[in-house]
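Can you read through this structure? Questions will come right after.
The values are calculated or read from the model by the stated rules, or taken from the named source; none is laboratory data. Small disclaimer: the values here were computed from a predicted structure and weren't measured. With ideal geometry, Cβ positions are generated from the backbone for all residues, glycine too; neighbour counts draw on all protein chains shown.
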Amino acid sequence: MLSPQHAWCKTPRFARILVLVLTVALTSALDAASVTRSVTSFNEDWRFARYGEMNYGSFLEEPAGLEKAPVDDSNWRELRLPHDWAIEGPFRDDLPNAEGKLPYMGIGWYRKTFTVPESDAGKQVFVEFDGAMSHSKVYLNDQYVGEWPYGYSSFRFDLTPHLKVGKENVLAVRLENKIRMSRWYPGAGIYRKVSLVKTAPVHIAHWGTYVTTPEVSVNSATVRIETTVRNHNKSAHPVELRHEVYEAGLKRVKVAETTTGKGSIAPDSTEVATATLELSKPKRWDVESPNLYLVVTSVLQNGKLVDSYETTFGVRTIKFTAEDGFHLNGRRVQLKGVCLHHDLGPLGAAFHTRAMERQLEIMQEMGANAIRTSHNPPAPELLELCDRMGILVIDEAFDSWAKGKTENSYHTLFEEWHEKDLVALVRRDRNHPSVIMWSTGNEVFELHSDEGKRISQRLTEIVHREDPTRPVTVGSNKSKPIMGDWKDSVDVIGANYNQGVYPIFLEKNPGYAIYGSETSSTTSSRGEYYFPVKEPRNRAQKLRGGARNNQISSYDLWGPGWSITPDEQFALLEKYPNFAGEFVWTGFDYIGEPTPFLAWDQTLDLNFKNEAEAKRAQEANKRLNKGKASSRSSYFGIVDLCGFPKDRYYLYQAHWRPDYPMAHILPHWTWPERIDEITPVYVYTSGDEAELFLNGESLGRRSKKQYEYRLKWNDVKYQPGELKVVAYKGGKPWAEQTMKTAGAPSQLSLSADRSTIKADGDDLSFITVRIEDSEGTMIPQAGDLIQFEITGPGEIVGLGNGDPTNHESFQGDQHSAFNGLCLAIVRTIDGQAGKITIKTRAKGLGESTLSLNSQ
């Protein structure tokens with residue numbers, strides 16, 4: 001008999017409470033000699049070959065039998081995962097710019113030869129893929145193992161039946177990407193990490209723990225641990241579970257433990273055990289103090305430890321209300337969120353933890369406290385980072401359901417795979433405290449129909465079955481489904497744009513929680529300013545206003561027809577505090593979807609009222625890009641593709657961090673061709689008023705009015721020299737900034753985001769190159785070609801400049817600057833410590849060097 005606190009059951013039921021958690025499977029620190037579970041990186045020593053459509057557009061026939069062990073792959077390319085074959089380019093004018101003009105189509109084969117030692121005889125051996133783009137089929141020693149077509153899903157296959165213990169094994173993976181499978185750049189290849197997992201025959205199953213905290217108070221928290229145990233043996237086995245809870249950190253402090261009574265698990269079956277324990281005075285997970293706990297679950301057979309599994313979780317409560325939005329641990333928290341696509345700029349889709357960490361650091365510095373994973377399951381590391389950094393997450397599953405948005409989008413998989421993909425997402429991620437909602441879709445076509453309500457209800461039921469502790473949402477860009485019966489199929493309404501619906505929804509739908517799931521869609525190019533500055537008066541002017549030479553002015557006034565400025569969205573959320581907050585489209589620029597310079601005949605737009613309006617938009621785009629859609633990345637980002645903030649960054653920072661003293665002037669102040677011409681000056685500040693000075697002379701003091709978020713001096717006549725702003729708050733000096741006219745280009749200046757990095761072959765340093773005059777003022781319109789040279793134990797793995805129209809390779813040893821800036825990304829070499837030196841040169845600007853320490 002088990003004690004009343006513990007039970008073994010086939011189909012557990014859960015109370016529906018909005019609370020909690022995170023899960024990571026690692027080798028336990030407990031008694032390593034007796035624990036059979038091991039998790040090792042499987043990223044090294046792969047061979048790769050490509051077939052079908054090739055990089056430059058030629059076609060190479062795929063040979064038969066590439067899954068066979070005897071295949072000679074000695075001339076295949078050797079590489080280390082993660083790998084994105086498409087980011088290697090080249091950019092091609094014949095490819096859709098909606099998907100970034102990069103050659104992601106085609107067939108990729110990966111092969112890895114490995115040996116499992118005799119000591120692993122009797123163990124279960126699994127291979128885990130965090131993501132492979134796409135239509136993966138996996139083979140071991142000539143035998144089919146399994147497949148998983150959705151490129152964003154994580155999955156695991158059992159290799160044991162076909163494994164040769166003590167001998168050489170060949171794992172082969174076939175991927176295939178089709179044209180127009182996405183509305184943005186999807187990437188290609190095994191672009192997330194791969195792991196090899198070894199366990200005892202009796203072990204905790206894949207994503208096999210589920211930790212919730214159904215009761216939380218200042219004094220205590222009830223922790224409920226549900227553990228799924230798998231028995232691969234052909235006989236029943238007695239099993240006992242032990243759970244030990246620690247405060248997570250460098251030094252683990254045990255705070256609670258419990259042991260189940262003994263239970264028996266039937267042959268070749270799975271059983272679920274539940275246990276509860278109490279934490280005294282729990283440290284809650286919060287955006288301001290992201291405290292984490294760790295539960296170590298041990299599996300014992302006849303007193304012997306056979307498996308140990310670690311699950312990180314957080315103690316916290318969440319609640320969405322119709323009256324005032326989102327509550328975290330009992331207090332209202334405004335969602336200051338951004339949408340992020342999965343690519344990492346010059347690195348493409350290949351996932352690098354440090355690159356994502358840098359993105360999140362930049363967003364937090366701006367004031368963001370939430371991320372929406374648009375529009376697909378993220379890499380697991382993103383959620384681990386958000387747990388640690390205190391960032392809230394909407395975890396999104398799909399961009400389309402049964403009706404597709406592009407020729408080969410997810411609709412081709414939906415009927416057969418939607419439940420498998422959704423279950424995989426929820427089970428993988430349901431222990432992360434950062435995850436506060438599940439999103440089952442974005443702007444899906446079905447939302448206006450009874451079919452859409454039926455599908456939405458079904459998806460919600462699947463999520464609630466797997467995790468009843470969090471609400472389900474969908475991002476809708478149509479006002480009809482927001483106002484219609486569809487809203488009953490989810491827990492929280494996500495409104496993409498449709499700002500006019502806000503007051504109507506609140507009036508006609510009391511009792512429904514709602515938030516801005518996608519907002520603003522302002523577009524701009526970093527450092528570009530066009531004159532005269534005319535604010536748009538209608539949708540057509542939004543689309544074409546401020547646009548020249550496939551760039552968009554950075555006065556932050558323009559966007560597609562459905563967009564509004566950040567200022568307008570700020571005002572709406574202040575007027576209607578029932579809304580839980582917003583998720584801006586987007587935090588970073590991303591590859592593909594370069595609206596408004598999009599070849600709209602190659603993709604579908606979802607934001608126009610009717611076909612006639614969409615056609616007018618297409619014609620406007622043709623005029624804008626002069627018949628050629630050359631842009632390859634987006635303009636929506638608050639930050640450009642390389643992580644350099646645009647002016648808009650400081651508008652959000654001023655509003656989202658009102659207690660942070662800051663002031664930002666735009667435009668730059670180097671306009672030799674504009675002497676005595678009107679050059680409007682805007683100031684973004686967290687102060688409530690500011691005074692502007694040009695060469696020491698006051699141009700007046702401005703104060704913010706209600707629902708005003710930027711200060712404007714529209715009649716400034718340009719004179720070279722110094723432009724200075726002094727901001728005030730409560731009548732006292734608060735912050736200031738100075739903008740100087742640049743002299744002649746004189747030098748290259750290098751700076752690194754981190755000068756000391758790990759010699760593990762994964763860590764990165766992001767090197768910013770500035771073109772400056774002799775006094776260190778950046779040349780704001782410089783576009784010089786910069787040559788790079790690196791020595792020491794490192795390599796340059798990415799180059800870029802943030803220009804959406806630039807078609808230079810992201811790889812190599814040279815790249816042009818854009819408006820004064822260029823980026824180089826340096827990666828360490830595994831196991832090789834030492835000094836890394838980066839040298840740059842440009843014609844007429846001499847050489848500059850920077851050193852990093854790899855250790």
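Hey, which of the strands (runs of 3 or more DSSP E) in the stretch 267-349, taking only ones fully inside, have at least 3 residues that are modelled with pLDDT of 95 or more and crowded, with 19+ Cβ neighbours inside 10 Å?
In the stretch 267-349, 269-280, 293-301, 304-313, 325-328, 335-340 are the strands (runs of 3 or more DSSP E) which contain 3 or more residues that are modelled with pLDDT of 95 or more and crowded, with 19+ Cβ neighbours inside 10 Å.
Only one of (1) in contact with a His (Cβ under 8 Å, 6 or more places away or on another chain); (2) within 23 Å of THR595 (Cβ to Cβ); (3) not in a loop (DSSP other than H, G, I, E, B) is not met by SER630, so which one is it?
Status for SER630: all satisfied but (3).
What are the residues in the stretch 783-838 that are in a loop (DSSP other than H, G, I, E, B) and among the acidic types (Asp, Glu), if any?
ASP784, ASP803, GLU808, ASP813, ASP830, listed by residue number.
Residues of the stretch 783-798 being among the small types (Gly, Ala, Ser) and surrounded by fewer than 23 Cβ atoms within 10 Å (Cβ to Cβ), which ones?
GLY783, GLY792 - these are the residues of the stretch 783-798 that are among the small types (Gly, Ala, Ser) and surrounded by fewer than 23 Cβ atoms within 10 Å (Cβ to Cβ).
If you don't mind, there's one more thing I want to ask. Within the stretch 503-520, count every residue that is surrounded by fewer than 24 Cβ atoms within 10 Å (Cβ to Cβ) and more than 15 Å from ALA580 (Cβ to Cβ).
Result for the stretch 503-520: 5.
Where residues in the stretch 799-855 are closer than 22 Å to ASP760 by Cα and out of contact with any strand residue (DSSP E or B) (no Cβ under 8 Å at 6 or more places or on another chain), which of them is surrounded by the most Cβ atoms within 10 Å (Cβ to Cβ)?
Result: ASP830.
Pairs needed: first member in the stretch 672-684, on the phi > 0 side of the Ramachandran plot and assigned by TED's automatic domain parsing to the domain that holds ASP715; second member anywhere, outside any strand (DSSP E or B) and modelled with pLDDT of 95 or more; C-beta distance under 8 Å; at least 6 residues apart or different chains.
Going by the 8 Å Cβ cut-off, the qualifying pairs are ASP676/TYR718; ASP676/GLN719.
Does GLU99 qualify as being under 27 Å from ARG428 (Cβ atoms) and under 24 Å from the mean Cα position of the chain (by Cα)?
Yes, satisfied.
Let me ask something else about it. So which residues in the stretch 724-771 are over 28 Å from TRP671 (Cβ atoms) and not in a strand (DSSP E or B)?
GLY730, GLY731, ASP753, ARG754, SER755, LYS758, ALA759, ASP760, GLY761, ASP762, ASP763
Within the stretch 332-359, take every residue that is among the basic types (Lys, Arg) and touching a residue at least 40 places away in the same chain (Cβ under 8 Å) and give me the one that is farthest from LYS193 (Cα to Cα).
LYS336
With the checklist (1) hydrophobic (A, V, I, L, M, F, W, C); (2) part of a helix (DSSP H, G or I); (3) within 23 Å of VAL287 (Cβ to Cβ) in hand, flag the one item MET437 doesn't pass.
(2)
A further question on this structure: Are there strands (runs of 3 or more DSSP E) fully within the stretch 478-590 with at least 1 residues that are hydroxyl-bearing (Ser, Thr, Tyr) and closer than 19 Å to ILE436 by Cβ? List them.
In the stretch 478-590, the matching strands (runs of 3 or more DSSP E) lie at 513-520.
Then there is this: Could you say which residue among ASP399, ASP387, ASP395 is part of a helix (DSSP H, G or I), among the acidic types (Asp, Glu) and crowded, with 19+ Cβ neighbours inside 10 Å?
ASP387
Search the stretch 99-113 for residues being in a loop (DSSP other than H, G, I, E, B) and touching a helix residue (DSSP H, G or I) at 6+ places or on another chain (Cβ under 9 Å), and hand back the single one that is farthest from PRO70 (Cα to Cα).
GLY100
Inspect all residues belonging to the stretch 757-768 and state whether any of them is closer than 19 Å to ASP647 by Cβ and not assigned by TED's automatic domain parsing to the domain that holds ASN43.
Taking every residue of the stretch 757-768 in turn, at least one turns out to be closer than 19 Å to ASP647 by Cβ and not assigned by TED's automatic domain parsing to the domain that holds ASN43.
Moving on. Looking at the stretch 242-279 only, could you name the residues that are of a type in the set (A, V, I, L, M, F, W, C) and within 36 Å of the chain's Cα centre (by Cα)?
The answer is VAL245, ALA248, LEU250, VAL253, VAL255, ALA256, VAL272, ALA273, ALA275, LEU277, LEU279.
For residues in the stretch 251-266 being in contact with a strand residue (DSSP E or B) (Cβ under 9 Å, 6 or more places away or on another chain) and closer than 30 Å to LEU360 by Cβ, which is surrounded by the fewest Cβ atoms within 10 Å (Cβ to Cβ)?
In this case the residue turns out to be VAL253.
While we're here: Have a look at HIS341, HIS352 and point out the one that is within 30 Å of ALA205 (Cβ to Cβ) and of a type outside the set (D, E, K, R).
HIS352
If GLU775 passes every condition in (1) over 30 Å from GLY100 (Cα atoms); (2) touching a strand residue (DSSP E or B) at 6+ places or on another chain (Cβ under 7 Å) but one, which one does it miss?
Here GLU775 clears every test but (2).
Which residue is farthest from the chain's Cα centre (by Cα), if the candidates are limited to the stretch 655-700 and must be outside any loop (DSSP other than H, G, I, E, B) and more than 30 Å from GLY743 (Cβ to Cβ)?
Across the stretch 655-700, the extreme among qualifying residues is GLU689.
Which numbered condition trips up ALA735, out of (1) over 30 Å from GLN787 (Cα atoms); (2) of a type in the set (Gly, Ala, Ser); (3) touching an Asp or Glu at 6+ places or on another chain (Cβ under 8 Å)?
Status for ALA735: all satisfied but (3).
Please verify whether LEU140 is more than 20 Å from GLY592 (Cα to Cα), modelled with pLDDT of 95 or more, in contact with a Leu (Cβ under 6 Å, 6 or more places away or on another chain) and buried (at least 19 other Cβ atoms within 10 Å of the Cβ), treating the condition exactly as stated.
Yes; evaluated as a whole, the condition is true for this residue.
Tell me yes or no: at least one residue of the stretch 104-120 is in contact with a Gly (Cβ under 6 Å, 6 or more places away or on another chain) and acidic (Asp, Glu).
Yes; the residues of the stretch 104-120 include at least one that is in contact with a Gly (Cβ under 6 Å, 6 or more places away or on another chain) and acidic (Asp, Glu).
Looking at VAL287, VAL296, VAL245, VAL253, which one is touching a residue at least 60 places away in the same chain (Cβ under 8 Å) and more than 30 Å from SER634 (Cα to Cα)?
Just a single option satisfies the conditions, and that option is VAL296.
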